[in-house]
Amino acid sequence: MKNTFKAVPVTERVWWVGAIDWNIRDFHGYQTLRGSTYNAYLIVADKITLIDTVKAPFMAEMMARIASVIDPGKIDYIVSNHSEMDHAGALPEVIAAVNPEKVFASAVGAKTLKELFPIDREITAVRDGETLCLGNRTLAFLETRMLHWPDSMFAYLNEEQLLFSQDAFGMHFASLERFADACDPAILAYEAATYYANILLPYSPLVLKLIEKVTAAGLPFRIIAPDHGPIWRKETGGIIGSYAKWAAQKPEAKAVVVYATMWHSTEKMARAISEGVAAGGLHVKLMDMGAVHRSDVVYELLGAGALAVGSSTLNNNLLPNIADILTYLKGLKPKNLIGAAFGSYGWSGEAVKQIEDVLAEMKVEKAGEGIRVKNVPDAELLARCYELGKMMAEKVRSRL
Ligand code: FEO
């Protein structure tokens, strides 16, 4: 027993042959404190087919798992559902090692793979709705452009009612449990939502359209096998329902107040605004950017109806970690938010206007004029902050 990396059966003919990354903590700005997995799947049909590969440094682990089931040289087809490096990084080496008869990707994927990797052989482009006969099994392809790359597609194994969903329905969670029903539901709920918020949020309108399209097609999903985290084999409707809810971005009775402070004046304002929000009947999450990560803020914003942002002014600018979260949020495009800006300053005080400009760019509706204070807020100023928070809450409540 030399090989300790084993494949895990998903169905009679499908095996998980991915890799576990216990140590990754950053996915281009998204903090992944529980690590991740790069899931690849082997379909042992008449035509033996590998669905996706893994991040390049994990190739040996994946090949060992494949070798625990079959001789990797017997792989006939490789399907690349998504070209990003965490799933296709090992592809050039896998192609060289197993010399498959064919490699398949979406039309954009076929082009992207060649742009990203030194692959000098033909990649066969498949169309949306096209099927591929594996002999005793059939794969159908479904383009999912911009979910979350232009190349992205799903593959559906008809006879097993199994959806290979690449990044969608996944999460960054390293574990030796391969199935969601064997994991702690609280961890799954948190990590799936954090993943959606940090990766898929800007594509929410497309997620809604895709769910509509898949529902109209009437395809049953017995199993959903994503490229990260555990496999859903019971109640697959649960994660699809969560995606529909998150994608709708319907405001709930919740507000997020984020701030950065130099000498606690902006913090005092943040606390007064939070008290006002709570008095207005919303749940409040108060987040000091010096103590939390940007990924946590985005998670809290999922389902929130309001966002207040505060920063002291430093050298005519925002404090760096407020510039950071605003840049991150601008890209993730959260919708349906009521907003407010606030902050203290010593002599110039540009930060509040700069926050308001970004919130306007994000199409966040103003609850009221931003509040600035020179040096330290007095009781009257804090009462204004409280009222701003209350006004924000009232505006959210009028939308519920
Ligand atoms: Fe997991 Fe978009 O790569």
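The values are calculated or read from the model by the stated rules, or taken from the named source; none is laboratory data. Every value quoted in this text rests on a predicted model; they were computed, and no experiment measured them. All Cβ positions, even for glycine, are placed from backbone atoms using ideal geometry, and neighbour counts span all protein chains on display. These area figures cover heavy atoms from the full protein model, side chains too; ligands, DNA and RNA do not enter into them. Shrake-Rupley method; radii C 1.70, N 1.55, O 1.52, S 1.80 Å.
Details
- Measuring how big region 158-282 is from its alpha-carbon positions, Rg and Dmax come out at 18.7, 63 Å.
- Which listed pairs, of 47/111; 245/390; 250/330; 47/234; 114/209; 254/363, have C-alpha distances above 20 Å, in listed order: 47/111; 245/390; 47/234; 114/209
- FRET efficiency, 1/(1 + (r/R0)^6) with R0 60 Å, evaluated for residue 209 and residue 264 via beta carbons: 0.80
- Potential extension, residue 6-residue 279 segment - 0.36 nm per residue separation minus Cα distance: 92.7 nm
- Rounded percent of accessible protein surface that carbon and sulfur make up, the chain, 1.4 Å probe: 54
- The aspartates and glutamates within cross-link reach of residue 2, meaning a Cα-to-Cα straight distance under 20 Å and a gap of 8 or more places when in the same chain, are 61, 71.
- Listed values for region 381-391 are Karplus-derived 3J(HN,Hα) couplings in whole Hz (6.51 cos²θ - 1.76 cosθ + 1.60, θ = phi - 60°), namely 5, 5, 5, 5, 4, 4, 5, 4, x, 5, 5, and x replaces Gly and Pro.
- Computed label-point distance, nm, for sites residue 190 and residue 67 using a 7 Å Cα→Cβ extension: 3.8
- Binning the alpha carbon pair distances of the chain at 20 angstrom intervals from zero yields the distribution 27, 46, 23, 3, expressed in whole percent.
- Solvent-accessible area per residue for the chain (1.4 angstrom probe, square angstrom): 42
- Model label sites at residue 216 and residue 242, defined 7 Å from Cα along the beta-carbon direction, differ in position by 2.7 nm.
- Whole-Å semi-axes of the ellipsoid equivalent to region 8-247 (Cα gyration tensor, √5λ, descending): 24, 20, 18
- Lys, Arg +1 and Asp, Glu -1 on Cβ, resulting dipole of region 148-300 about Cα centre, debye, nearest 20: 380
- Residue 347 paired with residue 317, simple spin-label distance in nm, labels 7 Å along Cα-to-beta-carbon: 1.8
- Kirkwood-type radius of region 254-395, with distances r between different C-alpha atoms, in Å: 14.3
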